[in-house]
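Report on the following structure.
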Amino acid sequence: MATGVDERPVRIVDAPLAPPAENLGLLSVFKRRYLLKLLVQREISGRYSNSILGVFWSYINPLTQFCVYWLFMGKIMGADKGMDNYPVHLFAGLVIVHFFTETFGAGTRSLLGNKGLLKKMAMPKEMFPVASMLVSLYHLVPATLILVVVCVLSGWKPSWETVPSFLLALGIVMALGTALALVFSLANVFFRDFGSAVNILTNYIRFGVPMMYPFSMIEGFLGDKSWIYLLNPISEAVLLFQQAFWVGVTSDPEQTAAEHLPDHLWSWGLGAFGVSLVLLVIAQLVFSKYENKIPERLT
Amino acid sequence: MSADSIVVDGVTKNFTLRYHRSIKDITVAKMKGRAVSNTFKALDDITFTIKQGESVGLMGLNGSGKSTLLKLISGVMRPDQGVVKTRGQIAGLIATGAGFHPQLSGRENIFLNAAIYGLSAEETAEIYDDVVKFAELGDHLNSPVGNYSSGQYSRLGFSVAVHIDSDIFLADEVLAVGDKPFKKKCMEKMEEIRDSGRTVVYVSHAAGSVKRMCDRVICLEKGRLVFDGDVDEGIEYLHYGEDDAKGSAKLKSLEAADSALGAEV
């Protein structure tokens, strides 16, 4: 027979009576950095598991895009007319755009892909979209190194603007990418349509930023209304990358900046970062509202 | 009197039974005047309190809401109405398996699982050897858990859960898939947990093991709490003893409970 409850020692628990697994959203994610680290490691090894080329897919993808855009957009369509060192312009844009699309795509799939854990264990669900963003950030490192090597070989003259532009561009994409990953991963649990929609959006993003063509082309087309184009924070991130890398490899950097970059790029960039942070807060609020329903909808 | 360990107050959880997922389905359903989705109450206004150190058996037929209740207590799900409050660290298994990642090896999953419970790398390293020894998985520990049999899977999950220094231990039909020697070992381990003054919530259909483990039984029926009290009366209430002729004869002694454990837990 079971021993009576009165005969057993009673453990004194020095903790308050609280809802189990209380979640402070992204704050909880940063409090539990060790778990986040394990999840990031898992995703790095898992994202290309069972593939022979493995992590090289992270480079093959942008590399093939580079070749296609360079040949068709640059050479055949003539987008590179009047541009100094078009390949670097294209490559710099690709690196930051790929960081964004990879975060967006993998982040959107992140909750569904981890349903085994989510259905059984209590943890902050924001962990998964954030981990996807960090894995993409990790993949950005070698791509950036290649970009720097290419720049140096092309006679790069970095300026004081290089590092701050680079960091601000990363900040914009990290905040915006995480915000979108949070909302879309959640939406994807309820309606799988969102996973497909991401692919379409990704395509528009590639054409909607000054990567295959210079910003001056948009200015020529939209004139005074070029600000509409700059409402997209990814445009600022790409322009900041051009300021960091491409401008320094042209024969006359000051002339290039004046001709191909918008006026007040710093203000636009800081504004885009601010907007991305606001979107991140909104995304967190939406996520917190509906995450309750995630475990039962993961089938 | 010891402190409250688990407080469940007026908890209701609704599930949607079926969704019309596409626009076409929704349109057709609307035109024919059918419901677009229908919900049912998996748990309906459940209220009880468990004191620290109590060992409670949660019983009921399949689909009566036992696992849902355990998910709410563990924090995997949140109630639609009412409040669930717990005190201290929770560990345990829900529906036979732990949350593992199929691509990761057993070893990596031990660390991931422990991290989800809130352990640091050092704390995990301290319990690691005991976890491995208890799970008895041998060389399989280095292969992905996706290749494990269901028995191996739950062995590993149970082993991690029991080695967490939890204040509340949840066990949901943990013994359903293990082989007989392992079941015996699990039962002993759970008694050890209970005897150390930790709160235990044990879900089982086996009257014998509930009788051996628990000093209180809560019965659910179609999402409602229908019985809360003495173990023998609870088992009687569910007619488990009568339904299972083999079981009722054996329930009279401790040895009987033991063999029931091996036979039909």
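Just so it is clear, none of the values below were taken in a lab; they were calculated from the coordinates. Everything numeric here is computed off the predicted structure, so don't read it as measured data. Ideal geometry is used to build each Cβ from the backbone, glycine not excepted, and the neighbour counts take in all protein chains shown.
Just a few scattered comments:
- Normalised contact order of chain A, rounded percent, pairs of Cα under 8 Å and 6 or more residues apart: 26
- Share antiparallel - DSSP beta bridges, the protein assembly as shown, percent rounded to 5: 60
- For region B:51-57, the Karplus equation 6.51 cos²θ - 1.76 cosθ + 1.60, evaluated at θ = phi - 60°, returns couplings of 7, 4, x, 6, 10, 10, x Hz by residue, with Gly and Pro reported as x.
- Exposure proxy ranking, count of Cβ atoms within 10 Å, fewest first, for B:69, B:119, B:43: B:119, B:43, B:69
- Low-density loop positions, chymotrypsin sites (Phe, Trp or Tyr not before Pro), region A:217-258 - DSSP coil, at most 14 other Cβ in 10 Å: none
- Peptide A:120-128 has a mean shielding of 5, counted as Cβ atoms of other protein chains within 10 Å of each residue's Cβ.
- Taking A:228, A:96, A:60 as the candidate residues, the one with maximal mean-square fluctuation in a Gaussian network model of chain A, Cα springs under 10 Å, is A:228.
- Pairs exceeding a 24 Å alpha-carbon distance, out of A:293/B:183; B:51/B:85; B:24/B:71: A:293/B:183; B:24/B:71.
- Residue-averaged beta-carbon neighbours from other chains (10 angstrom radius) around A:17-25: 5
- Neighbour counting of Cβ atoms within 10 Å sorts the residues A:136, A:196, A:159, fewest neighbours leading, into A:196, A:159, A:136.
- Kyte-Doolittle at least 1.0, axis length at least 24 Å by Cα - qualifying DSSP helices, chain A: A:127-153, A:162-190, A:265-290
- Each stretch of four or more DSSP H residues adds -39500 (n - 2.57); spread over every residue of chain A, this sum gives -20500 deg cm²/dmol at 222 nm.
- Signed unit charges on C-beta, dipole axis of region A:22-297, positive-most listed residue A:250, A:50, A:265: A:50
- Neighbour counting of Cβ atoms within 10 Å sorts the residues B:31, B:77, fewest neighbours leading, into B:31, B:77.
- Listed by chain and number, the aspartates and glutamates whose alpha-carbon sits under 18 Å from that of residue B:189, ignoring those within fewer than 8 places in the same chain, are B:54, B:129, B:130, B:136, B:165, B:167, B:172, B:173, B:179, B:215, B:255, B:258.
- Shielding score for B:118-126, defined as the mean number of other chain Cβ atoms within 10 Å: 2
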